1. Given the options A51, A39, name the one that is among the small types (G, A, S), farther than 13 Å from A107 by Cα, surrounded by 17 or more Cβ atoms within 10 Å (Cβ to Cβ) and in contact (Cβ under 8 Å) with a residue 24 or more places away in the chain.
2. Hey, can you tell me all the residues within region 60-77 that are modelled with pLDDT under 85 and of a type in the set (V, I, T)?
3. Given A38, A75, which one is assigned to a helix (DSSP H, G or I) and farther than 14 Å from G115 by Cα?
4. G115 versus (1) more than 15 Å from the chain's Cα centre (by Cα); (2) part of a helix (DSSP H, G or I); (3) at pLDDT 85 or above: which is the lone unmet condition?
5. Could you please find all residues in region 78-104 being under 19 Å from G25 (Cα atoms) and part of a loop (DSSP other than H, G, I, E, B)?
6. Among the residues of region 98-129, which ones are polar (S, T, N, Q) and touching a residue at least 60 places away in the same chain (Cβ under 8 Å)?
7. Out of all the residues in region 24-36, is one or more surrounded by fewer than 17 Cβ atoms within 10 Å (Cβ to Cβ), of a type outside the set (A, V, I, L, M, F, W, C), under 21 Å from L134 (Cβ atoms) and over 14 Å from the mean Cα position of the chain (by Cα)?
Amino acid sequence: MLGAVQSWLLADSTLLGLPVAFVLGALVGLEREWCRNAAGLRTCVLVTTAAAAFADLMTTQVHPNNLGAGFGAIATGVGFLGAGTIMQNGASVRGLSTAATLWCLAAIGATAGAGETVAAVWLTLLVLAVNIVLKPVARLVRRIRPPRSAEDSLLEG
């Protein structure tokens, strides 16, 4: 009985890919929620799980010659979702990290949905490292960097 259940679970990539995408999206979403960032827990899980479902459909139902178009469609679709999170207020731009995180979440989900679980876990760890470890590093760099010169402003237009 246990052998039959195990072979059934391993035979259908959807049964593994979707829960993996759900859990990995939840890990990133918890960090986003904890830091009170846009695109919190539910959004992160929805993006990873949907990307995993699309990737699973492509890898199981689409001819291998056409997979690039399907994965490109995932990236493009989530790109539009991320574009909606970007706001410009004068010279200040907000939401780029949220948009980039959503794009990475789609990659995590697509990777999990394609059955590349180890790669999806590694990508999730890298996204968490960027959002947790590099945030204080970026703040430190902004605090200690030299001020802009008048020449820098002229060169930027």
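The values are calculated or read from the model by the stated rules, or taken from the named source; none is laboratory data. In this text, all values refer to a predicted model and were calculated from it rather than measured experimentally. All Cβ positions, glycine included, derive from the backbone under ideal geometry; neighbour counts span all protein chains shown.
1. Values: A51 fails: farther than 13 Å from A107 by Cα.
From the options A51, A39, the qualifying one is A39.
2. T60, V62, T76
3. Values: A38 fails: assigned to a helix (DSSP H, G or I).
Of the residues listed, the single one that is assigned to a helix (DSSP H, G or I) and farther than 14 Å from G115 by Cα is A75.
4. (2)
5. T85, G95
6. Filtering region 98-129 for residues polar (S, T, N, Q) gives 98, 101, 111, 117, 124.
Result: T98, T101, T117, T124.
7. Yes.
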